[in-house]
Each structure stands twice: as C-alpha cells, then as structure tokens.
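S.K.: Before we start, here is the structure in question, set down as structure tokens.
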Amino acid sequence: MKLPYGYVLVGEGIAIHEERADVVRSIFEYYLTGDSFGKIVDMLFAKGIASLTGNAKWTRAAVDKFLANKKYIPIVGIDVYMDAQFERDCRCNVDYDKAGHPRKATRYRSPSMEME
C-alpha cells in the first residue's frame, strides 16, 4: 500500500509526517491565496520538493488531484479542504452547452486581474 504524501507508517499504524505535512499545508495555502497550479508547481520545484512519484518537478494535474484528495483533511482541516474545493469549482473554465456536454467557452480570469 502506498501512503499519501504527508503520512508515514509507525509500527502498525499511520501517522502524519510533520515535515511533509507542512508541504501539504503550504500547497493548500498557496492555492487559497490565489496561486495557480503552475505557480504552485514552480514553488515546489524551487524548494526542491520532489513530486509524489519522485520526479523533480510536479505536474499541474498532480497538484489538482492533490488538492481534491480527501485524505488530506486530517492534515489541513475540513474548513481549508472545503474552501479549496469551492475554489477549484470557481476556477474551473469548463462550460456546458444546452445538451449538458462540456465545452470551453471562456478562460478563467483571476479576481485580482478583474480589479485592474
């Protein structure tokens, strides 16, 4: 069994690995302050934090899956996790036509860009 990032086996149980848990918290924090998946990827690479698969650089898709993973609720808390899910939904640039099929109509624009 492969453990999610931020957890470690202790005896016969699973515990939170505090150093990696800080990375988990920072990913959620960066995302909730408005950073894109790309900026988070760059931040992780700059800090030398290897991806879940051991690669030097994370992918945007990996960060997206990471933020959606319910296994991180014990590390970040339910409020932060739910805020991230709401934010992911708001940032989604997929639109649906009248038949309910997904299509991209517009690109996501950050709220900070709209203030300019």
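The values are calculated or read from the model by the stated rules, or taken from the named source; none is laboratory data. Model, not experiment: these values are computed from the prediction. So basically every Cβ, Gly included, is an ideal-geometry build from the backbone, and we count neighbours across all protein chains shown. All accessible areas refer to the heavy atoms of the entire protein, side chains included, with ligands and DNA or RNA removed. Shrake-Rupley method; radii C 1.70, N 1.55, O 1.52, S 1.80 Å.
S.K.: So which residues in region 28-61 are under 15 Å from R91 (Cβ atoms) and assigned to a helix (DSSP H, G or I), if there are any at all?
M.R.: F28, Y30, Y31, L32, F37, G38, K39, I40, R60, A61 - these are the residues of region 28-61 that are under 15 Å from R91 (Cβ atoms) and assigned to a helix (DSSP H, G or I).
S.K.: V63 versus (1) open to solvent by 60 Å² or more (accessible area, probe 1.4 Å); (2) modelled with pLDDT of 90 or more; (3) within 15 Å of the chain's Cα centre (by Cα): which is the lone unmet condition?
M.R.: Only one criterion in (1) open to solvent by 60 Å² or more (accessible area, probe 1.4 Å); (2) modelled with pLDDT of 90 or more; (3) within 15 Å of the chain's Cα centre (by Cα) is unmet by V63, namely (1).
S.K.: It is to be established whether one or more residues within region 41-49 are open to solvent by 30 Å² or more (accessible area, probe 1.4 Å), in contact (Cβ under 8 Å) with a residue 40 or more places away in the chain, more than 13 Å from the chain's Cα centre (by Cα) and over 19 Å from A84 (Cα atoms).
M.R.: The answer is no, given that none of the residues of region 41-49 is open to solvent by 30 Å² or more (accessible area, probe 1.4 Å), in contact (Cβ under 8 Å) with a residue 40 or more places away in the chain, more than 13 Å from the chain's Cα centre (by Cα) and over 19 Å from A84 (Cα atoms).
S.K.: For Y72, which of the numbered conditions (1) assigned to a loop (DSSP other than H, G, I, E, B); (2) modelled with pLDDT of 90 or more; (3) surrounded by 13 or more Cβ atoms within 10 Å (Cβ to Cβ) fails to hold?
M.R.: Among (1) assigned to a loop (DSSP other than H, G, I, E, B); (2) modelled with pLDDT of 90 or more; (3) surrounded by 13 or more Cβ atoms within 10 Å (Cβ to Cβ), Y72 violates only (1).
S.K.: Moving to a separate point now. Can you tell me how many residues in region 75-109 are under 17 Å from L32 (Cβ atoms) and at pLDDT below 65?
M.R.: Number satisfying all stated conditions: 1.
S.K.: Here is a follow-up. Name the one entry in V8, V41 that is of a type in the set (A, V, I, L, M) and touching a His at 6+ places or on another chain (Cβ under 6 Å).
M.R.: V8
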